Amino acid sequence: MTRIRYALGACAFALLLWQGIVWVTGVPSFILPSPLRVAQAALDNRVLIAENALVTATEVILGLIIGTVLGAVTAIQLANSDRLHRLVMPLLIFTQAVPVFALAPILTLWFGYGIASKVVMAVLIIYFPVTSAFYDGLTRVPADILDMAKTMGGTKRQIMRRIKIPHALPSLGTGLKLAAVYAPIGAVIGEWVGASKGLGYLMLLANGRAKTDLMFASLFTLAIMTLLLHLAVIKASDYLRKS
Amino acid sequence: MGHGHARGVIQAPAIDVRGTQYIDSVRLFGRIDMHLPAGQWTCVLGRSGVGKSTLLRLIAGLTLAGEFEGDITASDGAGLAHRISVMAQSDLLLPWLSVLENTVLGARLRGQTPDFDRAENMLKRVGLADDMWKKPGALSGGMRQRTALARTLMEDRPVALLDEPFSALDASTRADMQELAAEVLLGKTVLLVTHDPAEAVRLGHQIIVLTPDAAQPWPTPDMPPTRDQYAPATVACQAALLAHLREIR
């Protein structure tokens, strides 16, 4: 509880400081709106923000689910075959050198202006962290335990299912925590490049019309969404750790 | 013995190990010539790094650094694969499984349906009847090692290789575990790697001191194991063995 109190205190202090700067410098609101003004804009546009937030949330959650499933399946295949790992891992690392941001226009071209291109963006951005975190967990089962499994006559498939995967679930949780923070970035970049819905689209729209207060309101909505997602994933991975 | 264990009483084979172990063409030990008598306990001692655990892994058919020149044979002429169970110093319990599920791990890993009735009997035998549903994290060191023993027994293999399984336990728990292991592994061919002369003298039908040059048998007191730790003959044997171990170092 004290931690939450401290966090709230820090937020209140930041807001006061922000409000103070706006008052003292008299900066025009289209450059930097005061927190009060942003809150007012959020309230006035709540339906608009909610509609667009729902679109972004859908993209992020779909991206997270698809990316996690693909990443987990890849990690299991790589852990099953050294040769595959040697073959595929350099490729995966190379793809990490390509900035996903640069791919956004192409993805929009291929998958259209709808939600598909944003989901693909989110998937691409989280695929590697999920794969590599889970793979690490799968391949770091203590050798003693694997030796025991071998003397017991365990099959490769059962050893994967009964030992390696349960052992690697906490690592998967670590990858998911990263993914929860990255996935919204992917979705919003996708929306910036070309969309007619979503918080990223709303931010661009508001910015273009000098409605800086609405832009800030959208930005905070996105930040809060990301935080909530992160918290949900932490809860889920704690559960994985304990089970 | 035999109660609750009537099923699958397999005649345990004697095992012969003859050969030399090399690591990067440097000799680790040997040429050794070692006989593990059928259905008896052989205790192997020797200073750290002499290759006691290597010897155990060799017999268990596990991958090793280096190369073994020689052969390992069973007296009945059959192979040793799938006839051996191993118990290590750490209990190797899977923390996410209950005591009961850990006990039936072998069957699970082979894709078989576990025999839970038999597992419950094993757990009763090692004194864990009331702790079957606990996770290893909630157990003491002795209880964890007893779970590992139950898991080893579930495998019902004629040969048991024990790599210092009691060394991390406190003195009284260790004494309890030694007695329990001797009782439940009766009739199996057992190889126990240990650092503790007292443990070797207490449990071994045969004691072998491993040095880089040879595997030397060491005389045991004239009574069958499990021996009284404080009988004069046992104490004398322990003292002589300890003195010898210090000398060869």
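The values are calculated or read from the model by the stated rules, or taken from the named source; none is laboratory data. Because the structure is a prediction, the values reported are computed rather than measured. Here the Cβ is made from the backbone with ideal geometry for all residues, glycine too, and neighbour counts use every protein chain on show. Note: accessible area is taken over every heavy atom of the protein model, side chains too, but ligands, DNA and RNA are not part of it. Shrake-Rupley method; radii C 1.70, N 1.55, O 1.52, S 1.80 Å.
Of everything in region B:165-177 that is more than 25 Å from B:Leu58 (Cβ to Cβ) and in a loop (DSSP other than H, G, I, E, B), the residue that is most open to solvent (accessible area, probe 1.4 Å) is B:Asp170.
For region A:94-103, a residue qualifies if it is closer than 22 Å to A:Pro184 by Cα and open to solvent by 100 Å² or more (accessible area, probe 1.4 Å), and exactly one does: A:Phe101.
Within region A:146-170, the set of residues being β-branched (Val, Ile, Thr), facing chain B (nearest Cβ under 7 Å) and either in contact (Cβ under 8 Å) with a residue 40 or more places away in the chain or open to solvent by 20 Å² or more (accessible area, probe 1.4 Å) (or both) comprises A:Thr155, A:Ile159. Assess whether A:Leu84 counts as being modelled with pLDDT of 95 or more and away from chain B (no Cβ under 14 Å). So A:Leu84 fails the test.
When B:Ile15 is tested against (1) at pLDDT 85 or above; (2) under 30 Å from B:Arg118 (Cα atoms); (3) out of contact with any helix residue (DSSP H, G or I) (no Cβ under 8 Å at 6 or more places or on another chain), only condition (3) is not met. Open to solvent by less than 10 Å² (accessible area, probe 1.4 Å), modelled with pLDDT of 90 or more and in the same structural domain as B:Cys237 (by TED's automatic domain parsing): does that describe B:Thr147? Spelling it out, it is not the case that B:Thr147 is open to solvent by less than 10 Å² (accessible area, probe 1.4 Å), modelled with pLDDT of 90 or more and in the same structural domain as B:Cys237 (by TED's automatic domain parsing). The residues in region B:23-62 that are surrounded by 15 or more Cβ atoms within 10 Å (Cβ to Cβ), more than 29 Å from B:Gln238 (Cα to Cα) and either over 18 Å from the mean Cα position of the chain (by Cα) or more than 14 Å from every other protein chain (Cβ to nearest Cβ) (or both) can be counted, and the count is 1.
Considering region A:119-142, the residues that are within 14 Å of chain B (Cβ to nearest Cβ) and either within 21 Å of A:Leu84 (Cβ to Cβ) or basic (Lys, Arg) (or both) include one that is surrounded by the most Cβ atoms within 10 Å (Cβ to Cβ), namely A:Gly137. If the condition is being open to solvent by 50 Å² or more (accessible area, probe 1.4 Å) and in a helix (DSSP H, G or I), then region A:15-43 contributes A:Leu15, A:Leu16, A:Leu17, A:Ile21, A:Trp23, A:Val24, A:Thr25, A:Leu36, A:Arg37, A:Ala39, A:Gln40, A:Leu43. Residues considered: B:Leu162, B:Leu180, B:Leu153. Of these, the only one that is within 26 Å of B:Gln112 (Cα to Cα) and in a helix (DSSP H, G or I) is B:Leu153.
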